[in-house]
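What follows is one structure encoded as structure tokens, with my remarks underneath.
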Amino acid sequence: MTTTGLHLWTVDDYHRMIAADILTEEDKVELLEGQILAMSPQQPPHAATVQGTWKYLSRILADRADIRVQLPITIGPNSEPEPDIAVVRFDSREYLDGHPTPDDVFLLVEVADRSLSKDLQQKARIYGKNNILEYLVLDVNGRQVYVFREPRDSGYQEQMTLGVDGRFSLVAFPEVVVEVQELYNFGF
């Protein structure tokens, strides 16, 4: 219990609520810094951009990593977000024994329609302080990509913003060049 009277949940608490059907598949929520928060409903541009980005990353990262779409990752004792896309290490058991953790994650991607502020601030802070190597926020409305690198306790040390004509190499796979335009070809 904090001094404000707010109870913060752990990942174990969260899993017990799921097992007890207190939280069900109908509840579109994620655990962030001990708080169970509603996730934004998806508008067509958001959904199309997630799908197109998944297809593009699956193509350019074939045989290098597993690409997960809107599935949980476990971060520390009090966060279990469901990023739009997680690029993770291959696991022969398909993460049957637990969700990927920061050591398994090469890249996280959030597609922002109405959640831009939350993705750029809260999620960037959570992902950075938990050592997620690289984090992208795809701004559906502005058609740009925010690239976060060099994780630190306070978030990320490096941030760059690229327009649709931009390109960059991935930290985990420097031989792989991402064309920003390709991330948006499916959503518009």
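Read-outs: derived from the displayed coordinates by stated rules, not from any lab. Everything numeric here is computed off the predicted structure, so don't read it as measured data. Note that we place each Cβ from the backbone using ideal geometry, even for glycine, and neighbour counts take in every protein chain shown.
Annotations
- Separation of region 102-133 from region 1-74 is 11 Å, based on Cα centroids.
- Ranked by how many other Cβ atoms sit within 10 Å of their own Cβ, fewest first, the residues F148, F168 fall in the order F168, F148.
- If you plug the beta carbon distance of L6 and S58 into 1/(1 + (r/R0)^6) with R0 = 25 Å, you get a FRET efficiency near 0.05.
- Summing +1 for each Lys or Arg and -1 for each Asp or Glu among the other residues whose beta-carbon sits under 15 angstrom from that of E175 gives 0.
- Spacing of the modelled spin labels on L71 and N185, each 7 Å from Cα toward Cβ, amounts to 2.5 nm.
- Summed side-chain charge close to N185 - residues other than N185 whose Cβ falls under 15 Å, Lys, Arg +1, Asp, Glu -1: +1
- Neighbour-count order for I60, I22, fewest beta carbons within 10 angstrom listed first: I22, I60
- Candidates A124, A47, A20, ranked by Gaussian network fluctuation over the chain, Cα under 10 Å, top entry: A20
- Across all Cα atoms of the chain, the radius of gyration (one decimal) and Dmax (whole number) stand at 16.3, 49 Å.
- Likely footprinting exposure, R93, R16, R149, fewest C-beta neighbours within 10 Å first: R93, R16, R149
- Net charge of Cβ neighbours under 12 Å - reference A47; Lys, Arg +1; Asp, Glu -1: -2
- Dipole magnitude for the chain: computed about the Cα centre from +1 point charges on Lys and Arg Cβ and -1 point charges on Asp and Glu Cβ, it is near 440 debye.
- Proximal lysines relative to K129, as straight alpha-carbon distance under 19 Å, when same-chain residues fewer than 8 apart are discounted: K118
- The packing ranking of peptides 68-76, 177-185, highest mean first, is 68-76, 177-185, where packing means the average number of other beta carbon atoms within 10 angstrom of each residue.
- Projected label points at E94 and L23, each 7 Å from Cα along the beta carbon direction, are separated by 2.3 nanometres.
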